[in-house]
Amino acid sequence: MEVKNICCIGAGYVGGPTMAVIAQKCPHINVTVVDINEKRIAAWNDKDLSKLPVYEPGLDKVVEEARGRNLFFSTAVDEAIDKADMIFISVNTPTKTYGKGKGMAADLKYIELCARQIARVSKSDKIVVEKSTLPVRTASAIKSILDNTGNGSDVKFQILSNPEFLAEGTAVEDLLAPDRVLVGGDTSTEEGKEAMEALVSVYANWVSRDHILTTNVWSSELSKLTANAFLAQRVSSINALSELCEKTGADVNEVARAIGMDSRIGPKFLKSSVGFGGSCFQKDILNLVYIAKTYGLNEVADYWEQVITMNDHQKRRFAHNIISTLFNTVSGKKIAFLGWAFKKDTNDTRESAAIYVADELLSEQSNVAVYDPKVSEEQIYADVDYLNTRSSEENREGITVYEDAYEACKDAHAIAILTEWDEFKTYDWKKLYDQMQKPAFLFDGRGLLNIEELEEIGFVCYKIGSGKE
Ligand code: UDX
Ligand code: UDX
Ligand code: ADP
């Protein structure tokens, strides 16, 4: 079967870039991305490409080429479902904030709503593709809803799992040249195999077939959680060592380099930081832990939970180090944050370490001054409000957001690097130093800057994982 019309439900960080690249690489396929959020769809349709709701290097060019040709953004969900022969579900699956599995399990209500809507609207056979990260065995729940809540017509559904492995900040690059594409489906029936081949053929327009893996649905779903758990585990492992390096006089970057050259370990994902963030790592590990507990596998659950424990500790320890270094009080002191996003080259702030570090400092009555090249003031306040530690008014009193890094750092007692944006390396650090309170402290939570040069200027520096000999 040849796919001619694709519909993607959810125009977020995953759905938007993924569909843009599919449309660019498959001009013969019509791709419609739908979302219930009208503001978001309007932004995807904005003539001014700098207003796209997702910031990703290179995405504007891809959208410019395909939009209006075979790539469409719309709020007409039913119409797009009806027309499509393949439907991607790419809606958010946050950690549950209520009820059973609160704080651990994935909240599947958005997925379920999508499945019910697809069942209600469909008049012809559809291939439904899970793109959102989901707990293992969600596909069977989707299938049961699709098969049992239909509109009475004899429509057949095939469910595939096609996890997304793109990383934000390099989404376009990752989509154009993926390490692998994974397609899970019903390998026991001809219809299942046909549906898998239909999706494989879409990707084969630009990805070589030996990079496209096919597995059963459960392996595919579990691989996504496992990949993120392994990646996050590497970051927590190196972060655990960063604290030991600081105590012993070792340097975590030297250690990372030395171990990374062992081909069994490899050099990537060994950058020590103030803690990992992003919408996936924590959520997926919590999910894995919850699933393990559900099956009574307590040792397995405890093992993976430590990755989160370590990450929480790393964020807290960075904040506490700022407080103790500033003579045990930051009350009334301006602390400038360079960066708020969870990593560079994205405007996404979900689970960013900056939010938690700010929260600790605000509890100590610090004045936090934030500059981030891509994150809006509105988002920064929303992130801190979401923690519910204090009132929204108090958060606005405690945090000031700046559009200029030099203004943010003026009269500050300390600068903290929370995101590794390239532009921070090019600043006139002498000028920043001159405008600060003395002693001028610098806390590099990303190991981004040349500390020797900064110390020569006069800064008192702390760099994550760097021990004094
Ligand atoms: C290890 C280190 O590899 C080596 O660099 C160091 O100098 C000494 O310790 P060794 O213990 O000889 O070497 O063997 P290694 O190949 O690392 O295996 C250790 C154990 O892990 C073995 O029992 C092996 O069966 C097991 N293993 C290894 C697995 O179970 N799975 C794997 O994927 C790899
Ligand atoms: C991740 C996975 O990489 C991707 O495959 C999956 O599809 C979604 O989740 P993402 O969260 O976008 O992608 O970014 P990633 O590059 O993995 O970084 C996650 C966090 O880990 C960031 O906060 C980053 O700063 C941090 N990190 C990463 C480190 O602190 N050190 C490292 O060495 C690598
Ligand atoms: P991700 O990082 O997984 O892409 P986002 O939160 O960025 O997550 O995007 C998910 C999008 O899905 C949001 O824009 C949200 O409005 C949309 N969405 C959620 N439920 C539905 C639904 N039932 N129909 C259409 N869109 C939905």
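Coordinate-derived values only; no laboratory data. Because the structure is a prediction, the values reported are computed rather than measured. Reconstructed Cβ throughout: ideal geometry from the backbone, glycine too, with neighbour counts over all protein chains shown.
Worth a mention:
- Enumeration of residues in the stretch 1-25 that are away from ligand 2 (no atom under 16 Å from the Cβ) and of a type in the set (S, T, N, Q): Asn5, Gln24
- Some residue of the stretch 309-325 being of a type outside the set (D, E, K, R) and over 30 Å from Ala440 (Cβ atoms): yes
- Qualifying residue in the stretch 334-353 (condition: of a type in the set (Lys, Arg) and in contact with a strand residue (DSSP E or B) (Cβ under 7 Å, 6 or more places away or on another chain)): yes
- Residue, nearest to ligand 3 (Cβ to nearest atom), within the stretch 208-259, restricted to residues that are outside any helix (DSSP H, G or I) and not hydrophobic (A, V, I, L, M, F, W, C): Thr215
- Top-ranked residue in the stretch 376-399 [being among the polar types (S, T, N, Q) and surrounded by 13 or more Cβ atoms within 10 Å (Cβ to Cβ); ranked as nearest to Ser352 (Cα to Cα)]: Gln379
- Residues (under 22 Å from Ser223 (Cβ atoms) and either more than 6 Å from ligand 2 (Cβ to nearest atom) or among the hydroxyl-bearing types (Ser, Thr, Tyr) (or both)) located in the stretch 262-282: Arg264, Ile265, Gly266, Lys268, Ser279, Gln282
- Residue in the stretch 103-117 that is at positive phi and away from ligand 2 (no atom under 16 Å from the Cβ) present: yes
- For the stretch 96-138, the candidate set comprises residues that are buried (at least 22 other Cβ atoms within 10 Å of the Cβ) and part of a helix (DSSP H, G or I); within that set, the residue that is farthest from ligand 3 (Cβ to nearest atom) is Thr138.
- Complete set of residues in the stretch 386-440 that are without any contact (Cβ under 8 Å) to a residue 40 or more places away in the chain and among the hydroxyl-bearing types (Ser, Thr, Tyr): Tyr386, Thr389, Ser391, Ser392, Thr400, Tyr402, Tyr406, Thr426, Tyr427, Tyr433
- Candidate set: the stretch 26-48, residues that are assigned to a helix (DSSP H, G or I) and surrounded by fewer than 13 Cβ atoms within 10 Å (Cβ to Cβ); chosen: the one nearest to ligand 2 (Cβ to nearest atom): Lys39
- Hits in the stretch 240-276 (condition: closer than 15 Å to Tyr462 by Cα, crowded, with 16+ Cβ neighbours inside 10 Å and not acidic (Asp, Glu)): Ser242, Cys245, Ala250, Val252, Asn253, Ser272, Ser273, Val274
- Any pair with Cβ under 7 angstrom, 6 or more apart, that starts in the stretch 270-292 at a residue that is under 17 Å from Leu418 (Cβ atoms) and ends at one that is within 16 Å of ligand 3 (Cβ to nearest atom) and small (Gly, Ala, Ser): Gly277/Ser352
- Test: residue in the stretch 346-361 that is within 16 Å of the chain's Cα centre (by Cα), within 16 Å of ligand 3 (Cβ to nearest atom), polar (S, T, N, Q) and over 25 Å from Ser272 (Cβ atoms): no
- Candidates Thr133, Thr149 - the one that is more than 22 Å from Asn5 (Cα to Cα) and more than 16 Å from ligand 2 (Cβ to nearest atom): Thr149
- Among the residues listed as Pro57, Pro17, Pro27, the single one being away from ligand 3 (no atom under 16 Å from the Cβ) and in contact (Cβ under 8 Å) with a residue 60 or more places away in the chain: Pro57
- Once the stretch 65-88 is narrowed to residues that are more than 16 Å from ligand 2 (Cβ to nearest atom), in a strand (DSSP E or B) and among the hydrophobic types (A, V, I, L, M, F, W, C), the residue that is nearest to Gly192 (Cα to Cα) is Met86.
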